[in-house]
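Below is one structure, written out as structure tokens; the observations come after it.
The values are calculated or read from the model by the stated rules, or taken from the named source; none is laboratory data. Since the model is a prediction, treat every value here as computed from it, not as a measurement. Counting neighbours? That spans all protein chains shown, and the Cβs are built from the backbone with ideal geometry, glycine included. Just the protein is used for accessible areas: all its heavy atoms, side chains included, with ligands, DNA and RNA removed. Shrake-Rupley method; radii C 1.70, N 1.55, O 1.52, S 1.80 Å.
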Amino acid sequence: VTYYSFDSNLHQGQIVVDVDLVSDVKGAFDLIRKTKFPVRSVVPYTDRRFMSADERIASLNNSSAFNYRLIANTNKLSKHAFGHAFDINPALNPLIKANEMLFSTTKYDIKVRGTITGSEEFVTYLKRLGWEWGGDWKSFKDAPHFQLKKKDGTSYKWQELKAKIDNKEYNIKR
């Protein structure tokens, strides 16, 4: 994907997602580029040190998708573990629960470039395609997070995604 970073220069990155989602994610990054929404970096996490290291990942402000990890404080695989979710600028778009940011390395200030408010073209585009933005969630906010919903509007359960792997219906493509 190509995107503008905070230096106002065009950069090339890589994002790893389920092959069925490539078109949606590419379209979102096309809009990110077109509107010059700044993205710090887009580099896949391939190092084991980043598995389930949410605060470390957030502190790097790197946008990414596939990361074989668990949902924080659970034994359930994250949608990221299946390439079914991606995050944009996590240091600027933090996890917020009970009005508290979960990581000390993050901040949320809608006046700061690269912060997602929900009104961006790429957010509207993804929602129109059936994606949900974690910033709209009620029990907590996962502001950098986007994940695909099922056709009936409900979220995929990790067990359903794992069944796709077990049935060899699942592909990952860069």
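Quick notes on this one:
- Criterion (at pLDDT 95 or above and surrounded by 13 or more Cβ atoms within 10 Å (Cβ to Cβ)) met by exactly one of I116, I96, I57, I71: I116
- Yes/no for F122 being at pLDDT 80 or above, in contact with a strand residue (DSSP E or B) (Cβ under 7 Å, 6 or more places away or on another chain) and not in a loop (DSSP other than H, G, I, E, B): no
- Candidate set from the range 74-93 (those that are buried (at least 18 other Cβ atoms within 10 Å of the Cβ) and among the polar types (S, T, N, Q)); member that is modelled with the highest pLDDT: N89
- Pair list, Cβ under 7 Å, 6 or more apart: the range 9-27 residue free of Cβ contacts under 8 Å to residues at least 24 places away in the same chain, other residue open to solvent by 10 Å² or more (accessible area, probe 1.4 Å): L10/T2; L10/Y4; Q12/T2
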